[in-house]
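Below is one structure, written out as C-alpha cells, with a few remarks after it.
Quick note: the coordinates plus some simple rules give every number you see, no bench work behind them. Since the structure is predicted, the reported quantities are computational estimates derived from the model, not experimental observations. Backbone-built Cβ (ideal geometry, glycine too); neighbour counts: all protein chains shown.
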Amino acid sequence: MGGYVALRNRMTSLLLPVKLAGRCVTVMTILATTALTHAPRWAYLLSVGRMGDANFCLGEGIARSLERLGPVFLKMGQMVSNRIDLLPTDLLRPLRRIQDQVSPEQFEISRATLERSLDLEIAGLFLSLEAEPVAAGSIATIYRAKRHDGREVAVKIVRRDVSRILESDLLIGSWLARVLARFGWFRAIPVAECYREIEALFRAQLDMKREASNLEAMRNDSFIHRHVRIPQVHWDLVDSNVLVMEYVGDALNISDNRIAIEAYRRSAQSILAVLYRMAFETGSVHCDMHPGNILLDGGGQVWLLDGGFFAHLSERDRTSFQDLFLGLSFAEPARCCDGLIRSAIAVPQYLDRVELNRDVDCLLSKHHGKNAGSFLVAAFVFDLFMLQRRHGLYARSGFIAAIWAFVTFEGIVRDRFPELDFQGEAKPFVVSGIIRSIRGR
C-alpha cells in the first residue's frame, strides 16, 4: 500500500509541470483571443479621437478576459475596479461589473452541486428557487430562494471547476513570486512570505463552512452590529460547497451614484470603523471590501456581505500594526520604530536605532496628516518596505492581509469622500487596543 501511495505521489509530481504548462497555454490563448477580438475597434476609436470610448472598449476586453481566466485574476480586477486615482474612469466602468456580476455558472450545474452537497432535491430544500442568479462572483453563484417557512434566503453555491483552476493559478503564482524575490527592489519586499498569506486567503474562500463561521462571528460582535448588518446564516443548509443566508433586498451597491452623498459618507465611516475594529482589536479581518460586498438598504442601513476572503492576525501582528498606525497618526517615530522592530523576522546586531529613527521621521513627514484623497496605503507600505530593507529589518508577512483590506477600501472612498481622515479615525481604536494589551500583560 505504501508503495502504491509513493508511486501515485511520484506520478502526480511528474504530471504537475505538464498541468501548469497547459494552464499557461490556456491563459495566453484567452489573452490573445480577447486582444484580437477587441483590438480593431479599440484602434479605430483611438484613430478618430474617441478616447473615452477607446478606454471603455479596453476595459470591456479586460473584464471579459478576467471572467474567463478565473478567481485569482478576477480578484485582482476587483481590487483595481475603483481606483480612479490610477486608471481612467471610462476604462474602470466595465471592470465594476465583475464585482458581483461575473458571468454565472449554468443553473443546472449549480443545482446539481446544491442537491449533492445537501443530499436533498430542491423540492425538499426550498419552496422555490429562482433559476436566474441575483449575483455571481469569482468563487460562487448566488440565487434567491424561499424556504418552506416563508423566509427569503440567498443561496451561495461554489462553482464546479473553481478549485482546480485556483490551484493551478496559485502554483503558477508561487513560482513567479520566487522568481521576483530574486530581482531588484523586489528584494525589499518579503515577496514569497506575502504570497503565502495571499495564497491562504484564496484557498479559504472555497470553504463555505468557514465563511459561515466568519459571518456568524461578525454578527455576534456588538461593536460591528452597531455599525453594519451581517446576513444571518441558516446553519441547517450549510456545506463546504453551499451557504444559505438571509436575503438582503431593496439595497444598492455602495458605489451607486443614486445614494446621497451624506448617506454615502456615513456608510464609509461605519465600514472604516469596522475595519479598524477588526485589524486592531479582534484580529479577524474582512479582506474583500469592494463595493459588490457593501450594500445600503432603503432604511439607510449598511450591509456587509461575504466572509470568505478573511484573515486572522496573530497577537504580535496586531500589536505591530497598532504601533505603526499610532506612530503614523500621532507622528511618533519612536513608536513606529518599535512596531518595525517587533514585526521583523530577525533584528540585526548592527542596527543603528538613531539612524532608523531618523529615517522613520522622514517617512512620517511624507505621509502623516493626509486624508483619503492624498494618503495612499499602498504607497506608505512600499516606502515602509524600502526603509526596512535599508536597515535589514525584513518583516514577517502576517499583517499583509490587513494592508490588502485597507488598500481595497481606500479605492472606494477616494472618489466621493476624499476628505475622509484615515489616520484620525484610527486613533481611538489603536489607543484602546494598546490599553487592552497593557492590561492583559
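Electrostatic bookkeeping for ARG41 treats Lys and Arg as +1 and Asp and Glu as -1; over the other residues with beta carbon under 11 Å from its beta carbon, the sum is -1.
Once the convex hull of all Cα atoms in segment 185-303 is built, its volume per residue stands at 135 Å³. P(r) for segment 251-441, from all Cα pairs and a bin width of 10 Å, is 9, 36, 34, 16, 5, 1 %, short bins first. Toward the positive end of the charge dipole of segment 55-212, with +1 on the Cβ of Lys and Arg and -1 on the Cβ of Asp and Glu, the farthest Cα among VAL102, ILE198, ASN55 is that of ILE198.
Taking 1.306 mPa s as the viscosity and 10 °C as the temperature, the Stokes-Einstein diffusion coefficient of the chain based on its alpha-carbon Kirkwood radius rounds to 67 µm²/s. About its Cα centre, the dipole of the chain is roughly 1020 debye, where the only charges are +1 on Lys and Arg Cβ and -1 on Asp and Glu Cβ.
In order along segment 248-262, the phi-based Karplus estimate (6.51 cos²θ - 1.76 cosθ + 1.60, θ = phi - 60°) of 3J(HN,Hα) comes to 9, x, 6, 9, 10, 4, 4, 8, 5, 5, 6, 6, 4, 4, 5 Hz; Gly and Pro are listed as x.
For segment 251-441, relative contact order (Cα pairs under 8 Å, six or more residues apart, normalised by length) works out to 27 percent.
Applying 1/(1 + (r/R0)^6) with R0 = 56 Å to the Cβ-Cβ distance of ARG358 and ALA39, what FRET efficiency is obtained, to the nearest 0.05? That gives a FRET efficiency of 0.65. Given +1 at the Cβ of Lys and Arg, -1 at the Cβ of Asp and Glu and no other charges, the dipole of segment 251-361 around its Cα centre is 180 debye to the nearest 20. Nearest 0.05, what FRET efficiency do LEU351 and PHE330 give at R0 = 22 Å with Cβ-Cβ as r? After rounding, the FRET efficiency stands at 0.40.
Protection proxy ranking, highest mean first, for peptides 65-75, 348-358: 65-75, 348-358, where packing is the per-residue count of other beta-carbon atoms within 10 Å, averaged.
Given in Å, the Rg to one decimal and the Dmax to the nearest whole number for the Cα atoms of segment 15-121 are 17.4, 58.
In segment 114-268, the C-alpha radius of gyration followed by the widest Cα-Cα span (Dmax) gives 19.4, 61 angstrom. Rounded to 0.05, the FRET efficiency of the ARG258 and SER174 pair, given R0 = 41 Å and the Cβ-Cβ distance, is 0.45. Between the C-alpha center of segment 92-159 and that of segment 288-312 there is a gap of 18 Å. Model label points for ARG226 and ASP383, set 7 angstrom from Cα along the Cα-to-Cβ axis, are 3.3 nm apart.
Positive contributions from Lys and Arg (+1) and negative ones from Asp and Glu (-1), summed over other residues with Cβ under 12 Å from the Cβ of ARG111, come out at -3. Sequence-ordered 3J(HN,Hα) estimates for segment 415-424 from the Karplus curve with 6.51, -1.76 and 1.60 and θ = phi - 60° stand at 7, 9, 9, x, 8, 4, 8, 4, 6, x Hz, glycine and proline given as x.
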